[in-house]
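*Asks:* After the structure tokens below, expect a handful of questions from me.
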Amino acid sequence: MSQSLFYAFLIFMVVMYFTPGPNNIMLLSSGLTYGFRRTIPHIVGIVLGFAFMVAAVGLGLGSVFLAYPVLQTILKYAGAAYLIYLAAAIAMSGPTKPREGNGRGPMTFWGAAMFQWINAKGWVIVIGTITAYAAIAQFPLNIAIQTVISLMVGTVSTVVWALFGSALRPVLTSERLVRAFNILMALLLLASLYPVFMDA
């Protein structure tokens, strides 16, 4: 195994996972709105869903997208449409009180897992992982390493972002402040679409 390439890959994953993007913005908002415990299915869906995506693309699914480029276009615009919907839902979210439900509720495990397939930043990470760092080891060991690293870094990153949102609950105590924060998160989520349309 190439140690220098491995460390470069590790740095790439940490930077990509911890910097703001659709997943992290939604986790931050969910942690604030619903609390950490109710956000756990969302966290697990992201971590397992993205790791599965890395493994699937690395083990050959990527060739399907090379053979049929229209699929990439469909996923890109479907993802953009869904992000706009999520941004609107986040912008309209208010704080939940103990034992009080919320009409929308936090994202489910399956919703978070499936979202990875239409997440523009997710595809940037997957393509970078599979192409630029394929030489860290022989196939299929390289895919196994990339998948395990994705699970580990993803777990730490998603937990940190959700905990950060949850830690803001005692600070943002009024409904007005929570709504203002969620509107800001919705705008940041919409801003994450910039690379999608610049690439169009």
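*Asks:* Treating the angle as unsigned and between 0 and 90°, give the value, to the nearest 10°, between the Cα long axis of helix 3-18 and the longest Cα principal axis of the chain.
*Replies:* 20 degrees
*Asks:* Something else: Given the DSSP H assignment, sum -39500 (n - 2.57) over each helix run of at least 4 residues in the chain and divide by its residue total; what's the result at 222 nm in deg cm²/dmol, nearest 500?
*Replies:* Counting only the DSSP helices, I get -23000 deg cm²/dmol.
*Asks:* Please give the helix 22-34 orientation as an angle from the longest Cα principal axis of the chain, in degrees from 0 to 90, rounded to the nearest 10.
*Replies:* The helix 22-34 is inclined about 30 degrees to the chain.
*Asks:* Assuming R0 = 41 Å, what is the FRET efficiency of VAL70 and THR173, from their Cβ-Cβ distance, to the nearest 0.05?
*Replies:* Taking R0 as 41 Å, the efficiency between VAL70 and THR173 is 0.25.
*Asks:* Which one, VAL148, VAL44, VAL178, has the greatest fluctuation when you compute a Gaussian network model over the chain with C-alpha springs under 10 angstrom?
*Replies:* VAL148
Taken together, the values in this text are just the output of simple stated rules run on the coordinates, not laboratory data. From a predicted model like this one, the values you see are computed outputs, not experimental measurements. Cβ atoms come from the backbone with ideal geometry, glycine included; neighbour counts cover every protein chain shown.
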